[in-house]
Amino acid sequence: MSFKNRSPTTILQPQPQDLKQRVYTCLNKLADRDTLAVASAELDSIARNLTSDSISPFLNCLYGTDSSSKSPVRRQCVCLLTLLSRSHGNALSPHLSKMVSTLSRRLRDPDSAVRSACVEATAAMSSHITKPPFSVLSKPLIEMLVVEQDVNSQVGAAMCLAAAIDAAPDPESEQLRKVLPKLGKLVRNESFKAKAAVFGVIGSVASVGGAGSKGVLDWLVPCAVDALSSEDWATRKAAAEALGKVAMAEKELTAEYKSACVVALENKRFDKVKIVRETFNRSLDLWKEVPGVCEVSAPSQSDSPSVEAGNGSFGCFPSVTKSVDDAGFRTPQSKKVVPTSRSPPLDASTEPTAKKETPLRSNNRNWNISDFSKLDRTKPSDCKTEIAEPRKSLFFKAYDNIKNSDLGVMESREIGDSGDSRLETKRILFAKVCDENVQKYGGLKSGSRVVPFHDENLDFDDKNAAVEVDENPKEVEDLSLIREQLAQIEDQQSNLLNLLQ
């Protein structure tokens with residue numbers, strides 16, 4: 001009889017009192033660092049070899065631990081729930097409620113390692129204990145998420161719920177869809193601190209089809225887009241992940257939201273946090289794959305010069321508008337500019353003399369491509385366009401210099417990259433006009449520009465040099481007066497040049 005009592009069956013099926021004693025002894029050993037590994041191994045062995053009758057006493061021992069126990073003890077108790085779920089599966093179905101209750105108590109734990117163990121245990125229970133309805137596991141977590149005011153409890157409950165949804169073979173998407181409005185109220189509440197974790201739950205619900213209705217998407221997508229601007233980087237990341245899961249799960253229903261989401265993600269994808277930037281880029285790629293709507297891309301501005309025959313631009317010369325209120329006639333910025341004239345600077349060389357002077361008159365500041373038809377265009381020009389000062393500011397600087405010295409010299413040079421041909425122009429303009437004419441025309445309606453061209457390979461005709469535009473009679477009369485004054489100035493210029501030579 002005694003031999004039979006000492007049979008191996010007594011080891012496999014120990015008495016409840018013996019089991020509790022062994023479990024409590026091991027739990028006490030967990031508090032000591034020296035015996036921690038041995039106690040953990042023994043508890044794992046006990047959990048794997050439990051029978052259906054010994055499961056309940058074992059769970060009672062785990063439930064008896066409280067917050068006064070040390071952190072390794074609390075964490076190991078949660079890890080044992082994970083091991084039980086993986087080892088016994090649906091045999092734990094009658095005990096699932098007690099296991100969830102034990103888990104809920106640990107979600108208030110201040111140690112993040114304990115809460116992380118709770119998330120792992122929830123996923124194990126959801127994937128291995130499948131006989132009970134999913135609501136047996138999800139309902140306590142949802143209530144805890146909505147009711148609890150402790151931040152750790154809110155974050156832990158949300159993370160556990162998201163893990164349970166992801167791991168469940170049948171997460172009951174219709175029931176979860178009814179929970180989404182509650183979750184939406186939480187993320188819109190300014191005092192709620194676990195928004196990032198709740199967005200994780202929303203993303204998990206969307207991934208299993210819980211957001212498959214237009215009514216849900218009408219508030220869900222704008223709410224997530226608004227959260228992309230949150231000050232908390234974790235909230236921004238979670239909102240972007242939720243948007244990505246919505247786009248991946250509901251491609252047909254999200255077509256009308258594609259434009260707004262793509263623009264929002266494009267504007268926010270340069271986040272200062274690297275992991276957030278990566279999440280934005282992944283979500284952006286998912287939204288661009290949504291069919292039915294043309295892809296929206298942020299407008300890009302090209303800095304390279306272009307050739308447009310319709311608007312009068314050529315090569316590296318930008319197109320010029322017709323309005324006199326704009327910046328006026330523009331040329332590539334010279335490398336050395338000494339503004340002393342009312343007229344805008346033109347390209348010039350450093351040669352002391354010029355062959356010919358040709359006045360250019362233009363009112364609308366437009367250039368024709370035909371005027372450049374005789375230029376050598378066999379090789380592309382790689383001239384650089386630099387930002388110059390506004391025309392009005394140049395004029396006022398020039399006007400001040402005219403009043404002070406009555407004499408100015410402006411020289412500029414532009415040399416192309418072509419090795420065989422080299423275009424050099426020189427412009428020397430001496431302007432001396434009364435204050436009334438200066439204030440009247442403001443430098444924007446100058447009637448004559450003296451631009452001497454000098455190049456051996458360039459044959460430039462006088463008739464083609466002047467650009468004529470229609471002018472009002474009054475303007476023609478006023479401009480003729482200026483031409484007369486400029487003619488006198490040109491005579492003075494010639495005399496001065498002769499003296500200088």
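Worth a mention:
- Residues within the reach of a label modelled at A167 (point 7 angstrom out along Cα to beta-carbon, backbone nitrogen below 16 Å), restricted to the range 36-51: there are none.
- Contact order normalised by residue count of the range 173-297, Cα under 8 Å, 6+ apart, percent: 24
- Directionally averaged projected area (the range 173-297, Cα convex hull): 6.6 nm².
- Charge tally in the Cβ shell below 13 Å around G89, where Lys, Arg are +1 and Asp, Glu are -1, G89 excluded: +3
- Placing +1 on each Lys and Arg Cβ and -1 on each Asp and Glu Cβ, with no other charges, gives the range 1-171 a dipole about its Cα centre of roughly 440 debye.
- Within the shell of other residues whose beta carbon sits under 13 angstrom from the beta carbon of V23, the net charge comes to 0, with Lys and Arg scored +1 and Asp and Glu -1.
- Taken over the alpha carbons of the range 71-156 as equal point scatterers, the Debye sum produces base-10 log I(q)/I(0) values at 0.15, 0.23, 0.24, 0.25 Å⁻¹ of -0.49, -1.11, -1.18, -1.26.
- When each of K182/K237; K245/K288; K185/K272; K131/K214; K139/K185 is checked by Cα-Cα distance, pairs over 23 Å: K185/K272; K131/K214
Each reported figure results from applying straightforward, stated rules to the coordinates on display, with no laboratory input. As the structure is a computational prediction, the values presented were derived from the model and not from experiment. A quick note on method: Cβ atoms are made from the backbone with ideal geometry, for glycine too, and the neighbour counts reach across all protein chains shown.
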